[in-house]
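Okay, handing you the structure first.
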Amino acid sequence: MRSLPGPLPASIFLLTGLQTLNLQGNSLSGSLPDAWSSLTALTSLALQENALTGSLPASWGVVDSSNGNNSNGNSNSSPLNNLVALNLGNNGFSGTFPDSWAYPRSLTSLTRLVLAQNPRLCGPLPPNWATNHPSTQTLIG
């Protein structure tokens with residue numbers, strides 16, 4: 001096991017060209033801040049096997065489905081539309097799956113989503129997930 005403790009430093013969110021980030025198996029704690037949405041080039045994010053908690057950030061998707069704008073003011077898409085693989089398994093996330101992740105134009109490149117081993121994360125995927133994300137090949141929850 002690696003041993004990076006505590007929350008991620010805010011400076012990581014300045015790496016706007018970052019494409020792959022693997023921090024699997026550390027001792028990272030805290031919640032997933034909205035600042036992740038500044039990493040618009042990110043294609044792969046592996047945060048499994050840490051001590052992360054809180055809810056999954058709605059800001060990673062299109063937050064306002066009525067006008068198609070997200071919290072960053074970008075219209076018609078989520079800030080993490082280049083994200084292909086997202087592994088958040090084996091943490092302490094809680095709550096439900098954000099509806100904003102299932103809206104059209106949210107996380108459109110995502111083909112692999114792993115949420116397993118988060119015992120306080122509950123409820124089904126929103127019913128429109130499959131319709132709006134037909135390219136998802138692996139979904140582990």
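Inside the range 101-129, can you point out the residues that are touching a helix residue (DSSP H, G or I) at 6+ places or on another chain (Cβ under 7 Å) and either in contact (Cβ under 8 Å) with a residue 40 or more places away in the chain or of a type in the set (Asp, Glu) (or both)?
TRP101, ALA102, TYR103, PRO104, SER106, LEU107 - these are the residues of the range 101-129 that are touching a helix residue (DSSP H, G or I) at 6+ places or on another chain (Cβ under 7 Å) and either in contact (Cβ under 8 Å) with a residue 40 or more places away in the chain or of a type in the set (Asp, Glu) (or both).
Hey, can you tell me all the residues within the range 13-24 that are open to solvent by less than 70 Å² (accessible area, probe 1.4 Å) and out of contact with any Leu (no Cβ under 8 Å at 6 or more places or on another chain)?
The one that is open to solvent by less than 70 Å² (accessible area, probe 1.4 Å) and out of contact with any Leu (no Cβ under 8 Å at 6 or more places or on another chain): GLY17.
Within the set of pairs 6+ apart or on separate chains, which have a first residue in the range 78-100 that is farther than 16 Å from SER31 by Cβ and modelled with pLDDT under 95, a second that is among the charged types (D, E, K, R) and open to solvent by 30 Å² or more (accessible area, probe 1.4 Å), and C-beta atoms under 7 Å apart?
SER78/ARG105
Of all residues being of a type in the set (Gly, Ala, Ser), open to solvent by 20 Å² or more (accessible area, probe 1.4 Å) and assigned to a loop (DSSP other than H, G, I, E, B) in the range 25-66, which is farthest from ARG105 (Cα to Cα)? Just the residue, please. Break it down stepwise before answering.
Filtering the range 25-66 for residues of a type in the set (Gly, Ala, Ser) gives 25, 27, 29-31, 35, 37-38, 41, 44, 46, 51, 54-55, 58-59, 61, 65-66.
Filter again for open to solvent by 20 Å² or more (accessible area, probe 1.4 Å), leaving 27, 29-31, 35, 38, 41, 44, 51, 54-55, 58, 65-66.
Those left that are additionally assigned to a loop (DSSP other than H, G, I, E, B): 31, 41, 55, 65-66.
Values: SER31: 24, ALA41: 16, SER55: 21, SER65: 10, SER66: 12 Å.
Among those that are of a type in the set (Gly, Ala, Ser), open to solvent by 20 Å² or more (accessible area, probe 1.4 Å) and assigned to a loop (DSSP other than H, G, I, E, B), it is SER31.
The values are calculated or read from the model by the stated rules, or taken from the named source; none is laboratory data. Predicted model, so just to flag it, every value in this text is computed and none were measured. Cβ: placed from backbone, ideal geometry, glycine included. Neighbour counts: every protein chain shown. Side chains included, ligands, DNA and RNA excluded: accessible areas come from the protein's heavy atoms. Shrake-Rupley method; radii C 1.70, N 1.55, O 1.52, S 1.80 Å.
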